[in-house]
Amino acid sequence: MNAPTTALAADTSVDAAAPLDAFQVIAAGDRLCATQGPQQAAALYQQWLAGSTSPMRHVVQFNLGVLYGQLQLHAQAEAAYRAAITSKPDFAQAWFNLGATVERLGRKEHALTIWQSMLDHPLVTPTHQKDLYLLVVNGMGRLLEEMRQYDRSEVKLFASLLAEPQQPKVIQHWVHLRQKQCSWPVFTPVPGLGQGEVLKATSPLAMLSASDDPGLQLATSIRFITEKVNLRVPRLAPEKGYQHDKLRIGFLSSDFCLHAVSLLTVELLELLDRDRFEVYGFCWSREDGSALRARVVKSFDHYVRIADLDDASAARAIREAEIDVVVDLQGITSGARPDIIAHRPAPVQITYLGFPGPTGHPCIDYVVADRFLIPDAERPFYTETPLYLPHVFQCSDRQRPVAPLPSRAQCGLPEEGFVFCSFNNNYKFTEAVFASWMRMLQAVPGSVLWLLADNPWSQASLTRRAGEHGVDPARLLFAPRVSPEQYLARYTAADLFLDAYPFNAGTTANDALWMGLPVLTRSGRTFASRMAGSLLTALDLPELITTSLADYEARAIEIATQPALHADLKQRLKAGRTQSPLFDMPRFVQDFGDAVERVAIRG
């Protein structure tokens, strides 16, 4: 969606009788590039341009820009494209590449301005240079999404789909943008596209929120792997394993930083028994300078940064370390590198935490689970074999720092009245669950709903929807994003956490329960819809697990209107913090280690 257009061999907009010296130099440049490299070809173009007044200069200048881009000389590429445009102001391909180049130079707003000017003049339209038009609107949509300007991004991608509906990648981003903005129904009609085609193109992550059908989630993941992952690569690890005195576990992730995965796993990494295991971290995480990242990196016996390695080289690094068991903490979420796993760099490969659903990856052997999370009846909807832990699938961190506890007033909450909250990412919200929340507010006078201020478009959509349900929008309160310590502390100002469905809270539910806030969930058939129920089962709080929207709604109203029931739940949750398996990390680490040893292959 954002690659510059390639070098030109000819310009069909010029007269065939134009001088051919430009074409000759381009042909010579192509030969030089193939035999001696782009530097030599660029030198040839520069020499020719210095002495030529050909009306075809713009083509050579464009090709020079492409060569500079290949050489990562983006400032020189920008100058070459601008020269091409000066020579031929309506040279649409040069305008597009100029936008892509200034984006690479970090001037994102400038790139958007350049591309928008191509639409305004117009140099490209859905019927004139359609392929380039799609590159422009898709590039703008991608960049606007990266800049979190979701509304503008959605408009551009929808324009792209109107011009050419059969674009699965564009559909994928468009659907998730609508989820992020709580634009319901998410699957709104697109001319030329059936709902089945839109569903088929939906990403695995978006599907976790879009459907509670385990078969559909599995099919989506398998399609993703089939389209994205090269499975025709040689196996690296020996099938019979190794003969190490201590089992070598390699954790694989881009999230060894201030991220939910690290917030959960850091104490597991620290407490793994070094008499039994040697622990490796293979990382392509951002260097965010956080205390959490420093703590995670310190927890490894061997820390290997693979950010600068391609997938094949990263897989070889794992093989060369003779890792017995790879634990992939990424799955098929954003930033994943599933091609590493496709090389089979370890004899046993496990997925854990990163993606709460079936990965569809044939090279993943096991998924860490518990009996509540993946009951026997749902095992057919997983390509992985469940690796069952005896108590709970999710690890925790007992050392997570907490800021001083705020008052309700400091949180912007009313002093009186019941406070429902849901700090899930807004893309997990669905129209049906939100309608249920509105009925709860109507049934509990003086209550409010405290939500995460995820983005201004979801906030506007939710407040508008509240009014449509007959609820004063002022009863929806939005909490800004804050540091993890402050985020944890403010849970103590709420009364009941309302879980999302079908994509439950994961780390968020763990945090709320750790801080003593009861979590009310609805459990379905999918992994994502059973996460919070797993945690509540470990806490022996089955009253907080419902299996239908009607029961979910009735239970919330019951808890909010019966102070004795609410107090009892909070007291039992407080006891569970010290007595339940959920937060007993030494026991969890023992269970996890036993499970890994159970499936490891020793030569």
Tally time: how many residues in region 352-365 are in contact (Cβ under 8 Å) with a residue 40 or more places away in the chain and among the β-branched types (Val, Ile, Thr)? 1
Heads up, the helices (runs of 4 or more DSSP H) in region 198-277 (entirely inside) with at least 2 residues that are of a type in the set (Val, Ile, Thr) and assigned by TED's automatic domain parsing to the domain that holds GLY331 are 260-271
Can you confirm whether ASP328 is buried (at least 24 other Cβ atoms within 10 Å of the Cβ), at pLDDT 95 or above and not aliphatic (A, V, I, L, M)? yes
Select from region 342-351 the residues that are touching a residue at least 40 places away in the same chain (Cβ under 8 Å) and either assigned to a helix (DSSP H, G or I) or more than 23 Å from GLY603 (Cβ to Cβ) (or both) and list them in ascending order. ALA342
Filtering region 352-375 for residues that are assigned to a loop (DSSP other than H, G, I, E, B) and over 15 Å from the mean Cα position of the chain (by Cα) leaves a count of 14
From (1) among the aromatic types (Phe, Trp, Tyr); (2) in a loop (DSSP other than H, G, I, E, B); (3) buried (at least 23 other Cβ atoms within 10 Å of the Cβ), pick out the condition that doesn't hold for TYR133. (2)
Condition check: touching a residue at least 24 places away in the same chain (Cβ under 8 Å) and part of a helix (DSSP H, G or I). Does ALA575 satisfy that? no
Go through region 49-105 and report how many residues are among the hydrophobic types (A, V, I, L, M, F, W, C), part of a helix (DSSP H, G or I) and either touching a Cys at 6+ places or on another chain (Cβ under 6 Å) or free of Cβ contacts under 8 Å to residues at least 60 places away in the same chain (or both). 18
Some residue of region 152-175 being buried (at least 16 other Cβ atoms within 10 Å of the Cβ) and closer than 21 Å to TYR501 by Cβ: yes
Among the candidates VAL190, VAL175, single out the residue that is more than 15 Å from the chain's Cα centre (by Cα) and not assigned by TED's automatic domain parsing to the domain that holds ARG274. VAL190
When both residues are 6+ apart or on different chains and their Cβ atoms are under 6 Å apart, which pairs have a first residue that lies in region 375-388 and is in contact (Cβ under 8 Å) with a residue 40 or more places away in the chain, and a second that is in a strand (DSSP E or B) and surrounded by 20 or more Cβ atoms within 10 Å (Cβ to Cβ)? LEU387/TYR366; LEU387/VAL368; TYR388/ALA369
May I ask you to say which residue of LEU451, LEU413 is at pLDDT 95 or above, in the same structural domain as TYR491 (by TED's automatic domain parsing) and in a loop (DSSP other than H, G, I, E, B)? LEU413
Any residue in region 533-553 that's touching a residue at least 60 places away in the same chain (Cβ under 8 Å) and more than 25 Å from MET585 (Cβ to Cβ): show its pairings with residues that are assigned to a helix (DSSP H, G or I) and not small (Gly, Ala, Ser) at Cβ separation under 7 Å, as long as the two are six or more apart or on different chains. GLU553/ARG439; GLU553/MET440
Go through region 297-320 residue by residue and tally those that are more than 20 Å from GLU270 (Cβ to Cβ) and surrounded by 15 or more Cβ atoms within 10 Å (Cβ to Cβ). 10
Taking the stated definitions as given, is ALA532 touching a helix residue (DSSP H, G or I) at 6+ places or on another chain (Cβ under 7 Å), part of a loop (DSSP other than H, G, I, E, B) and under 24 Å from VAL368 (Cβ atoms)? no
Here the residues within region 507-528 that are surrounded by fewer than 24 Cβ atoms within 10 Å (Cβ to Cβ) and under 13 Å from PHE372 (Cβ atoms) are GLY524, ARG525
Can you confirm whether PHE478 is surrounded by 20 or more Cβ atoms within 10 Å (Cβ to Cβ), touching a strand residue (DSSP E or B) at 6+ places or on another chain (Cβ under 8 Å), at pLDDT 95 or above and in a strand (DSSP E or B)? no
SER262 - would you say it is modelled with pLDDT of 95 or more, small (Gly, Ala, Ser) and under 24 Å from PHE583 (Cβ atoms)? no
Here are some residues: LEU477, LEU520, LEU498. Which one is of a type in the set (A, V, I, L, M, F, W, C), touching a residue at least 40 places away in the same chain (Cβ under 8 Å) and out of contact with any Ser or Thr (no Cβ under 6 Å at 6 or more places or on another chain)? LEU477
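The values are calculated or read from the model by the stated rules, or taken from the named source; none is laboratory data. Bear in mind the structure is a predicted one, so any value in this text is a computation, not a measurement. Cβ coordinates were reconstructed from backbone atoms using ideal geometry, including for glycine residues, and neighbour counts include every protein chain displayed.
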